[in-house]
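This report concerns only the one structure given below.
The values are calculated or read from the model by the stated rules, or taken from the named source; none is laboratory data. Treat the numbers as computed from the prediction; the structure is a model and nothing was measured. All Cβ positions, glycine included, derive from the backbone under ideal geometry; neighbour counts span all protein chains shown. When the accessible area is computed, the model is the full protein with side chains, heavy atoms only, and any ligands, DNA or RNA have been set aside. Shrake-Rupley method; radii C 1.70, N 1.55, O 1.52, S 1.80 Å.
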Amino acid sequence: MTLATAFAGLVPTGAAADGKRVALVIGNGAYRNVPSLLNPPNDASDIAAALKRLGFTASLITNAGFDDMRRALLAFGREAAGADMAAAYFAGHGMEINGENWLIPIDAELKRDTDAANEAISLRSVMLQVSNTTSLGLVILDACRNNPFAARMNRSLATRATPNAGLSRVEPAGNVLVAYAARDGTTALDGDARNSPFATALLRNIETPGVEITFMFRNVRDDVMEATRNEQQPFVYGSLSRKAIYLAGRPPDGAGDTAPVSPLPAAISPVPAHAPTSPTIDPALVGTWEIMVPSRRGQSRWIWQIMIDGTYKFHAEPPRSARSHEGRITAANGRWSLQALRGLSGYSDGGAYEVHDALATITGKLGTGAWKRSAD
């Protein structure tokens, strides 16, 4: 265990004017060989407009065939190389075949699974085009709908490929985040309004100033799950460094670079004024801290109790999500380290920290998290 969440990390950047931002936005709905989708062109048009307001030079294409998508992606890759941020958004049909994810143009036939390489765009190629930015490469996919191509596709005996529902999990490298409208192996809803539930939530949150990007996607997740009665869970893949990225500008002066307050309720547990602290523990870290950590079984709550004598206790709820343990911790001048003494043999960790009242940004082996003081 660590004083961090494996969900995400953070990368430094300034407001929209601080660096070059480019985007490619695609919305495919008018499919020629399967029933059409109503919302993707609307979703793409609205997302492109939002990205332009955020300072991105955004190229929008709707109802694109294979050649149009391929040419647009190549041009986008040239623009993205060396940019501060590059974002690719796709709404439409997407599918997994034998572990590979594909974005489907409107002219695809896909009579066999082996046709994908010649008729569709691989997610790997999109991730590659955003991988050479200085701060952030972002891929957003509202492409996890129930896919009619899978039912009509002949399977190759050579590859034994099986088209599955939704998209498969990805492991982005470097400074790339990939956001799915529905987590791997599940499907997303197209919706019966102008926009899909995912696009609606994204449009509601993406232009909110002062919200760090990973927390923005957490807000999107909660909005989608509420709108779909927990039928659809968005998911973000990738791990960045510790500093914060803001698509819509940093928090006001004085708020620091920590991520904004999450929806997790917490009360401040002040340090007793009369108690002497250990010379190896920063008084600002003394108290009880908590964070919600996503996992395949759902959310778990991690709680760290840091005592004034430089000892700590850790437990998780539910208990199966992480092993309880105790040990010693040192923290001073923005750096911390710990050594487990009971409950988790041989475990040690360390990293950086910043404390701003009831919020702390704490980094460790598994990533970065914004922690809140708890009443527990």
### Message
Would you confirm, using the coordinates I've provided, whether residue 238 is at pLDDT below 80, open to solvent by 10 Å² or more (accessible area, probe 1.4 Å), closer than 23 Å to residue 170 by Cβ and within 17 Å of the chain's Cα centre (by Cα)?
### Response
no
#### Entry: Checklist (1) closer than 26 Å to residue 236 by Cα; (2) modelled with pLDDT under 80; (3) acidic (Asp, Glu) applied to residue 290, failing item
(2)
### Query
Out of (1) open to solvent by less than 10 Å² (accessible area, probe 1.4 Å); (2) closer than 18 Å to residue 24 by Cβ; (3) in contact with a Phe, Trp or Tyr (Cβ under 8 Å, 6 or more places away or on another chain), what's the single condition that is false for residue 172?
(1)
### Query
For region 86-130, which residues satisfy the criterion of being open to solvent by 40 Å² or more (accessible area, probe 1.4 Å) and either basic (Lys, Arg) or in a loop (DSSP other than H, G, I, E, B) (or both)?
98, 99, 107, 109, 111, 112, 124
## Note on the structure
By residue number, the members of region 188-236 that are out of contact with any helix residue (DSSP H, G or I) (no Cβ under 7 Å at 6 or more places or on another chain) and under 22 Å from residue 351 (Cβ atoms) are 212, 213, 214, 215, 218
### Query
If residue 114 satisfies every condition in (1) over 30 Å from residue 242 (Cβ atoms); (2) touching a strand residue (DSSP E or B) at 6+ places or on another chain (Cβ under 8 Å) but one, which is the exception?
(2)
### Query
Name the residues in region 35-50 that are among the aliphatic types (A, V, I, L, M) and part of a helix (DSSP H, G or I), would you?
44, 47, 48, 49, 50
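Is it the case that residue 44 is buried (at least 20 other Cβ atoms within 10 Å of the Cβ), in contact with a Gly (Cβ under 9 Å, 6 or more places away or on another chain), farther than 21 Å from residue 111 by Cβ and of a type in the set (A, V, I, L, M, F, W, C)?
Values: buried (at least 20 other Cβ atoms within 10 Å of the Cβ): yes; in contact with a Gly (Cβ under 9 Å, 6 or more places away or on another chain): yes; farther than 21 Å from residue 111 by Cβ: yes; of a type in the set (A, V, I, L, M, F, W, C): yes.
So residue 44 fits the description; yes.
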### Query
Of everything in region 185-230 that's within 13 Å of the chain's Cα centre (by Cα) and of a type in the set (Lys, Arg), which residue is surrounded by the fewest Cβ atoms within 10 Å (Cβ to Cβ)?
221
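Name the residues in region 146-182 that are hydroxyl-bearing (Ser, Thr, Tyr) and modelled with pLDDT under 85, would you?
156, 159, 162
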### Summary
Here the qualifying pairs (Cβ atoms under 7 Å; residues six or more apart or on different chains; first in region 187-199 and within 9 Å of residue 38 (Cα to Cα); second open to solvent by 40 Å² or more (accessible area, probe 1.4 Å) and in a loop (DSSP other than H, G, I, E, B)) come out as 190/38
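Quick one: is residue 323 charged (D, E, K, R) and free of Cβ contacts under 8 Å to residues at least 60 places away in the same chain?
In short, no.
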### Query
Any residue at all in region 72-81 that is at pLDDT 95 or above, open to solvent by less than 10 Å² (accessible area, probe 1.4 Å), farther than 30 Å from residue 372 by Cβ and touching an Asp or Glu at 6+ places or on another chain (Cβ under 8 Å)?
no
### Task
Filter region 1-35 down to residues that are at pLDDT 90 or above and within 24 Å of residue 58 (Cβ to Cβ), then give me how many there are.
12
### Task
Can you tell me which residue within region 318-336, out of those that are closer than 27 Å to residue 212 by Cα and surrounded by 15 or more Cβ atoms within 10 Å (Cβ to Cβ), is modelled with the lowest pLDDT?
321
